[in-house]
Every structure is written in structure tokens, then in C-alpha cells.
Amino acid sequence: MAARGSGVDSQLYETLGVSRTASDSEIKRAYHRLAKEFHPDKNPRAGDKFKEISYAYDVLSDPKKKEVYDRYGLRGLQEGGGHDGDHFGGGGFPGDFFSDLFGGGGGPSMFFGGGAHGHRQRKSEDSMKPLKVTLEDLYLGKSHTMKHERKAVCKDCSGLGTLNAKSSKPCADCRGSGMKMQYRQLGPGLVQQIHSTCNKCGGQGTVIPDKDRCKKCVGTKIMQEVKDIEVHVDKGMSHGTKIVVRGEGDEEPGVTPGDLIYVLQQEAHDLFERNGDNLVMTRNISLTESLCGFQFSIRHLDGRDLVISRTPGHVVATETMQIVLGEGMPHYKRPFDKGNLLIKFKVDFPSSHFTDEKSLKVLETILPSRPPFIRPDGDNVEDVDLCDYEPGTGGAQDSDDDEDDPRGQRIGCAHQ
């Protein structure tokens, strides 16, 4: 048949300067290097080149799109959109694409091994592990070398359990399935089927005489394996992001290995909180700084010291938010574009005894005047005490009931 995409299409690999056998980490490194070189901020005339690099990475970093591209090239991506309802996230390949691809007689079920004529190979379960990272790791990117222990097919016997393949016989009890079915009578006309692992073969489906068992795995067909896994945390990734290392899950004989999935767990930071691609921090300033301006520095996640200034005449009220553009987190897969730094200011007001009466009068001539007060007339006018309030307390400090109600001990009243 004349399959669209016949022949080897390596255009996207050539765009990134990597081979078709390049690993995920090699593709990422190549993208980061080229993106830095051709980013429009540094190379304004390279806008089209930057788009080509970004598109190539978008396809080759997505396992599902990459699978379609490797099989059918760019035309397969364009006509099929890289999507199929189950395998590629919904959307469906156009009918004429599959008609041409399979000579008019096939469809998605043939392509993906489904249907009466296909067989999808069983895959073992994926393994998920947490990976603790700091906010600095997510800002700068970092590679972690992790020790990974998994079940692996015995290399001595290639997962047969014996060096003499003829000595391995199907289990007579389970007929080679590894499972046995039992029936339990629950009532008249009601029978329950119970599936359980075969005791004789231990679920292996085969029986090997003791003398012929593999010396290394003792006939179990699998061994415990410890290996180093390199995990790349890209700039802009966030808490909960999953990093998939394909084929590094547990192995079983005759079964496709599952994937090893690391789930990022961000540790709390002393200064910053993350909100999407923005960084948020709180800064306490004095009343003088609030009214007269200020300067202070903060150590950013990449080690730079940012000097934050506010000139006199720009009053900063308490609980207000100010913004520093472009100093937030890098966008994932677009690390040269960043969010913003948001600073929430809290003004530390002086205590009630911070100055004498003379200084207060001088201060009052500088500050805006107080609103006038007109005292109401009549017999219903009453002067009351104003007390400092603290949540969870209910009385005055010098109340007569302090001994009986300890809640009043933490409130002090200012008598008029």
C-alpha cells in the first residue's frame, strides 16, 4: 500500500540537532541550548527559527505525538492531528487517513492492535515514587540521580527460570494460566466464581524440576535490580508534575515493562510562595518607610540580590500588593518567559508609648489634620473605656471577675 509518511522523516530531529535514537534527556538539552541561542529576546531576527525549535520539541517531548511522527512523519501529524480517541487524547483521525493508511480495510483498531485481528501486549503496572525538590530546583532546573530498585527478568535464564527450556512444562493444575478458578454455591441457582493464584506453580504457569532451576533466580524468573536513574527537573515544573521514565517499571517475563513515574513534591520555602508562575512574598516595613520611601534587598532563587526601592511621595499602605515584573517563575517549556514577583507589604505601626506629648504635637503639624469631632448633647451621652482586644478573650484586664474568668487577663483597657 502507499502509506502516507513512508520513508524515514527526520526533519524534527535535524531541527534540534539530535539523532532519531536520542533519549528524552538529550532532546531536552538540545532544546534548551537552541532556545537560548535563538530566543527572540536575544536574537530578534530568529523568530521563525525559534518557532521551528519549539514545535520540534513540542512533538518530540510528547511520547504520543512522537510515536505518530516516528511512524508517519509530519504529514501523519498534520492529517491525523496526532490524536486518536484512546491513544492520543481525543479528536480522532480523519477517515480518509486511515483508509489510505490501511488500504481501505483497516482502522484505528488495527493500528493500535485492537479488534479481532490484533493483540495488544500486556504491560506491567507503572511504579510511582515521590521526588522532593526545592523551589530553587524548579526555578533553575536540576538533574537528580536516583537509586531505583525494581523487579527485573533474570539475565542468566532470560526469564525462563531454567537454562534448559525443555525442562519447563505447563502446570497441570492451572493448565499453564497461573490461575485457578473455584466455584462456591451461595444459594439455589447462585454460584460465585473465585480466581486465585495456582499453588503448585506459584502463578508462573510452568513447573520446573528442582534440579533444572536457574541457580541465580532459583526458578522464580525475576531478580531484584538496583540501578541509577537520571531524572531531569525542567525549569518551571511545579508541585505534582509527573516525570515519566519509560520502561523502567517492574519487569515480568513476556510482559512489556511499565513506566517509572516520579511525582514532584515541592518543599516549603523560607521567603517565597508560588502561585502559578508568580512568586509571592511578605515584607514588613516601618511607618517611616511606608510614608517616606525605602530600599531593601532580597536574595532571589538564582542567587541574585534584587534591590527593591520606593521613592518618597509614594505611600505604601499596609496589606497592599506591589509587583516586580518578570521576576517570578519561568514558564514550563518556555523558560525565558517568566511570571512576576508579588510583594505584600505590612506596616509595623509604633506602640502607643513611642513618643512624648511634645513630639506628638510636632508630628500632628506634619500629618493631615484630624477630622473635627462634635460631641453630642443630652442625658444619653456616656463615656466608655476602649480596650485592646485579642481574639479568644472576653473581659477587661481589671474587671472584678478576673479571678473567676481567666479569659479577661489578656485585655488591657485605656481609661478615659
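The values are calculated or read from the model by the stated rules, or taken from the named source; none is laboratory data. What you see is a predicted model; the values in this text were computed from it and never measured. When we count neighbours, we look across all protein chains shown, and the Cβ atoms used for this are built from the backbone with ideal geometry, even at glycine.
Observations on the structure shown:
- Pick from the range 205-219, criterion surrounded by 15 or more Cβ atoms within 10 Å (Cβ to Cβ) and not aliphatic (A, V, I, L, M), ranking: nearest to Gly178 (Cα to Cα): Gly205
- In this structure, Pro330 does satisfy being closer than 16 Å to Gly276 by Cβ and either aromatic (Phe, Trp, Tyr) or at pLDDT 95 or above (or both).
- Any hit, the range 159-166, residues being closer than 16 Å to Lys242 by Cβ and not aromatic (Phe, Trp, Tyr): no
- Within the range 8-59, the set of residues being under 23 Å from Ile229 (Cα atoms), among the basic types (Lys, Arg) and in a loop (DSSP other than H, G, I, E, B) comprises just one member, Arg20.
- In the condition set (1) surrounded by 13 or more Cβ atoms within 10 Å (Cβ to Cβ); (2) within 26 Å of Leu367 (Cβ to Cβ); (3) in contact (Cβ under 8 Å) with a residue 24 or more places away in the chain, Gln266 is compliant with all but (2).
- Contacts under 9 angstrom Cβ, first residue in the range 371-387 being free of Cβ contacts under 8 Å to residues at least 12 places away in the same chain, partner part of a strand (DSSP E or B), 6 or more apart: none
- All of Gly247, Gly236, Gly202 fail the test of being in a loop (DSSP other than H, G, I, E, B) and either among the aliphatic types (A, V, I, L, M) or buried (at least 17 other Cβ atoms within 10 Å of the Cβ) (or both), apart from Gly236.
- Residue within the range 299-306 that is surrounded by 15 or more Cβ atoms within 10 Å (Cβ to Cβ), in a loop (DSSP other than H, G, I, E, B) and in contact (Cβ under 8 Å) with a residue 40 or more places away in the chain present: yes
- Top-ranked residue of the range 370-409 - restricted to ones that are at pLDDT below 85 and closer than 30 Å to Leu291 by Cα, ranked as surrounded by the most Cβ atoms within 10 Å (Cβ to Cβ): Cys387
- Verdict on Pro335 being under 30 Å from Lys36 (Cβ atoms), at pLDDT below 95, surrounded by 14 or more Cβ atoms within 10 Å (Cβ to Cβ) and not assigned by TED's automatic domain parsing to the domain that holds Asp58: yes
- Any chance Gly313 is in contact (Cβ under 8 Å) with a residue 12 or more places away in the chain, over 30 Å from Tyr55 (Cα atoms) and part of a loop (DSSP other than H, G, I, E, B): yes
- In the set (1) touching a His at 6+ places or on another chain (Cβ under 7 Å); (2) in a loop (DSSP other than H, G, I, E, B), the condition left unmet by Met181 is number (2).
- Taken together, Lys151, Lys132, Lys147, Lys142 contain a single residue that is of a type in the set (Lys, Arg), touching a helix residue (DSSP H, G or I) at 6+ places or on another chain (Cβ under 9 Å) and modelled with pLDDT of 90 or more, which is Lys142.
- For the range 276-287, the criterion of being under 23 Å from Lys346 (Cα atoms) and free of Cβ contacts under 8 Å to residues at least 24 places away in the same chain is met by none of the residues.
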